[in-house]
1. Could you work out the local net charge near CYS134, counting Lys and Arg as +1, Asp and Glu as -1, over the other residues with Cβ closer than 11 Å to its Cβ?
2. How high is the relative contact order of the chain, in percent, counting Cα pairs under 8 Å that sit 6 or more residues apart?
3. Out of residues 5 or more away from GLY32 or on other chains, whose amide H comes under 5 Å of its own, with H placed 1.01 Å from N in the peptide plane?
4. Share of Cα-Cα pairs in the chain beyond 19 Å, in percent?
Amino acid sequence: MPLTDLPDAEAQCAELADLIRPRLQADTALVGIHSGGAWIARRLRELLQLPDEIGLIDVSFYRDDFGAKGLHPQIKPTTIPFDVEGRPLILVDDVLYTGRTTRAAINELFDYGRPASIELAVLADRGGRELPICAQYCTWQIDLADDEELVLEPDADERLQWRLARHA
């Protein structure tokens, strides 16, 4: 697929919900990683008709490259409005790349208790893993150059959309 023809992120959310639905347990909770994963988790909660609020997590302080990258300028609070202990969780993010964000999110989740399980759901997997992490639910695998980045953002109508960014 040419990168000028990016997929419809809203349709991908519906596809992700369809992948998750057959394996959903009654007490499964969603935890979205700020910010793209949080937007997707909100959509999934609606599509899957889950009764519980979603958890929101900001991994800024848990990154193993915090010293090199410094503090992200838009830190969001982590909010876990349910008991994590013994509960199946689905961690939600927009793009899986090196695995470091996922690892940081798992570390932070364990500060709240020991879940029964943690699965990962993403809209896009761009490869390039530095850690042995994979998504159980994924709608799109794409290869990008090191200077390219997929950015998920809401448009004026709050519909999610992809944008390709290039870095110098």
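Any read-out appearing in this document is the output of simple, stated calculations on the displayed coordinates, not a laboratory observation. From a predicted model like this one, the values you see are computed outputs, not experimental measurements. So basically every Cβ, Gly included, is an ideal-geometry build from the backbone, and we count neighbours across all protein chains shown.
1. Here the count lands on -1.
2. 23
3. Here the answer is GLY55, LEU56, ILE57, VAL92, since their amide H atoms fall under 5 Å of that of GLY32.
4. The calculated P(r) of the chain puts 55 percent of pairs beyond 19 Å.
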